[in-house]
Amino acid sequence: MGTLATRDGDDDWLLAGRRFHSRLLVGTGKYRDLEQTRDAVEASGAEIVTVAIRRTNIGQDRERPNLLDFLSPDRYTILPNTAGCRTAEEAIRVARQARALLDGAPLVKLEVVGDDLSLYPDGLETLRATERLVAEGFWVLVYTTDDPVLAQRLAEAGAHAVMPLAAPIGSGLGILNPHNIRLIVERCRVPVLVDAGVGTASDAAIAMELGCEAVLMNTAIASARDPVLMAQAMRDAVIAGRRAYRAGRMAPKSHASASSPRRDTAA
Amino acid sequence: MRIIVNGEPREVNAALTVAGLIDVLALGPGKRAIECNGRVIPKSEYPEHQLGEGDVVEVIQAVGGG
């Protein structure tokens, strides 16, 4: 174990000037209850968790436990999203609400969706919102398609991280276009995170092997038969994929190459 | 006077402040944001910010999401 720890060395990553160890970010939606949310997040080892920003249910507010009572902002970096927004204006409004709610914390996961069926991001509104939020001092982690040109434009607009989808949100289809994810990683000077579409542990490992800085997921854990066990699997997969990326994989060959000596068999 | 809170009309006393509204709604101690007519009200302004007839107020919290 000591040897492994030494080999990992200092592999923390930086996001908006902060240092993080875990390369798995998790969402908090779709769980059975807040206890299960907390247990899965804990099992995932995540340090950054996403939340949605919504109207309070007045009347039930006092009795109902609050998500942030279970996932304390003292322990986790809370990443509020702008899910549900269709325009740059809506997303900016929600980002401001989130910043006030989180006592001025400037992080936001920008998500401007343009199509209800695929939940595909609207690239034009997303770029407009990125420019304006950056100008207002937000640290923008931007959800985008796997279009390398758009990803680069978003990074140039000042996004702190670019987060291309692996596949549509909640689909669990895995990384549909690994080639594009690799192109985005090569071109963007900011951290690239795969966000959305991961279905199982091997998908998360592939994202890391492609050179992504981290992976963000929600449904793959929350909709597993055993979310807490899947959270552990995802934690391990992200670590394994990252180690494989750093280790540098062997070159694939089209012919076999025996691993055992070819001579001196006693038969 | 009449204001709209989270989409529902409510009859409240005139000259109610945001801090007063939080009491009237019996909101718990959890983290929240308050928006009035599309503008976020900083917490420091809760005691002074007076609501007016027809104001549209949103009381916002964090919920589970991805």
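The values are calculated or read from the model by the stated rules, or taken from the named source; none is laboratory data. Predicted model only: the values in this text are computed from it and were never measured. As a convention, Cβ positions derive from the backbone with ideal geometry for all residues, glycine included, and neighbour counts pool all protein chains shown. We work out accessible area using only protein heavy atoms, side chains counted, and drop any ligands, DNA or RNA first. Shrake-Rupley method; radii C 1.70, N 1.55, O 1.52, S 1.80 Å.
For chains A and B, what's the summed buried accessible area, probe 1.4 Å, to the nearest 100 square angstrom?
Values: alone 14470 and 4340 Å², together 16380 Å².
Chains A and B together bury approximately 2400 Å².
Please work out how much length the chain gains when fully extended from residue A:267 to residue A:226, using 0.36 nm per residue of separation minus the C-alpha to C-alpha distance, in nm with one decimal. Could the numbers behind the result be given before it?
Values: separation 41, 0.36 × 41 = 14.76 nm, distance 5.02 nm.
So the extension gain works out to 9.7 nm.
Treat every Asp and Glu Cβ in the range A:1-126 as -1 and every Lys and Arg Cβ as +1, leave all other atoms uncharged, and give the resulting dipole magnitude about the Cα centre to the nearest 20 debye. Before the final figure, lay out the partial values.
Numbers: 17 positive and 21 negative charges, 46 e Å.
For the range A:1-126, the charge dipole is close to 220 debye.
Explain nothing, just the number: relative contact order of chain A, from Cα pairs under 8 Å at least 6 residues apart, as a whole percent. If you can, show how the numbers build up before the last one.
Numbers: 496 pairs, mean separation 45.8, N = 267.
Reported as a whole number, the value is 17 percent.
Can you tell which of B:38, B:13, B:66 lies farthest toward the positive end of the dipole of chain B, using +1 and -1 charges on the Cβ of basic and acidic side chains (Lys, Arg; Asp, Glu)?
So the residue we want is B:66.
At 222 nm, what helix-only mean residue ellipticity would chain A give, in deg cm²/dmol to the nearest 500, using -39500 (n - 2.57) for each DSSP H run of four or more?
Values: 10 runs with 102 residues, N = 267.
Calculated from helices alone, the mean residue ellipticity at 222 nm is -11500 deg cm²/dmol.
Suppose every K and R has +1 on its Cβ and every D and E has -1 on its Cβ; what is the size of the dipole of the protein assembly as shown about the Cα centre, in Debye to the nearest 20?
Details: 38 positive and 43 negative charges, 219 e Å.
Approximately 1060 debye in magnitude.
Starting from a Cα-only point model with no solvent, please compute log10 I(q)/I(0) by Debye for the range A:136-211 at q = 0.12 1/Å.
After summing over all Cα pairs, the log10 values are -0.29.
What per residue convex hull volume, in Å³, do the alpha-carbon atoms of the range B:18-66 yield?
Values: hull volume 4.8 nm³, N = 49.
Taking only Cα atoms, the range B:18-66 has a hull volume of 98 Å³ per residue.
Could you work out [θ]222 nm for chain B from helices alone, using -39500 (n - 2.57) per DSSP H run of at least four and dividing by all its residues? Round to the nearest 500 deg cm²/dmol. Could the numbers behind the result be given before it?
Working: 1 runs with 7 residues, N = 66.
That comes out to -2500 deg cm²/dmol.
So for the range A:100-144, averaging the separation of alpha carbon pairs under 8 Å that are six or more residues apart and normalising by length, what relative contact order in percent results? Spell out each step's value before the answer.
Values: 52 pairs, mean separation 20.7, N = 45.
Result for the range A:100-144 is 46 percent.
Express in whole angstrom the spacing between the alpha-carbon centres of the range A:47-125 and the range A:216-267.
34 Å
Per residue, how large is the accessible surface of the protein assembly as shown? Use a 1.4 angstrom probe and give square angstrom. Could the numbers behind the result be given before it?
Values: 16380 Å² over 333 residues.
Averaged over the residues of the protein assembly as shown, the accessible area is 49 Å².
Could you work out, residue by residue across B:23-29, how many beta carbons of other chains sit within 10 Å of that residue's beta carbon, and then give the average as an integer? Show your work: numbers first, answer last.
Numbers: counts 0, 0, 5, 4, 5, 9, 4.
Counting Cβ atoms of other protein chains within 10 Å of each residue's Cβ and averaging gives 4.
So which aspartates and glutamates can residue B:31 reach, going by Cα to Cα under 12 Å and dropping same-chain residues fewer than 8 places off?
A:61, A:69, A:103
Using 0.36 nm per residue, how much length does the chain from residue A:259 to residue A:42 gain when fully extended, once their Cα-Cα distance is taken away? Display every interim value, and only then the final one.
Values: separation 217, 0.36 × 217 = 78.12 nm, distance 4.09 nm.
Net length gain for the segment: 74.0 nm.
Please find the FRET efficiency linking residue B:14 to residue A:64, where r is the Cβ-Cβ separation and R0 is fixed at 25 Å, and quote it to the nearest 0.05. Before the final figure, lay out the partial values.
Numbers: r = 30 Å, r/R0 = 1.22.
So the FRET efficiency works out to roughly 0.25.
Say R0 is 51 Å: what FRET efficiency, to the nearest 0.05, do residue B:26 and residue A:250 get from their beta-carbon distance?
0.20
Convert 4 °C to kelvin, take the viscosity as 1.567 mPa s, use the Kirkwood radius over C-alpha pairs of the range A:142-267 as Rh, and evaluate the Stokes-Einstein diffusion coefficient in µm²/s, rounded to a whole number. Mind showing how you got there, number by number?
Details: Rh = 15.8 Å.
Stokes-Einstein gives a translational diffusion coefficient of 82 µm²/s.
Of the DSSP beta bridges with both residues in the protein assembly as shown, give the percent that are antiparallel, rounding to the nearest 5. All intermediate terms of the calculation are to be shown ahead of the outcome.
Working: 20 of 44 bridges.
Rounded to the nearest five, the antiparallel share is 45 percent.
In whole Hz and in residue order, list the ³J(HN,Hα) couplings for the range B:27-41 that follow from phi through the Karplus curve 6.51 cos²θ - 1.76 cosθ + 1.60, θ = phi - 60°; x for Gly and Pro.
Coupling constants for the range B:27-41: 6, x, x, x, 5, 8, 10, 10, 10, 10, 6, x, 10, 5, 9 Hz.
Using r as the Cβ-Cβ distance of residue B:43 and residue A:173, and R0 as 45 Å, what FRET efficiency do you calculate, to the nearest 0.05? Before the final figure, lay out the partial values.
Numbers: r = 43 Å, r/R0 = 0.95.
Calculated value: 0.60.
Among A:229, A:168, A:251, pick out the residue whose Cα is farthest towards the positive end of the charge dipole of the range A:167-255, where Lys and Arg carry +1 and Asp and Glu carry -1 on C-beta, about the Cα centre.
A:251
Would you mind checking which residues have amide H under 5 Å from residue A:15's amide H? H placed 1.01 Å from N; only 5 or more apart, or other chain.
Long-range HN contacts for residue A:15: A:20.
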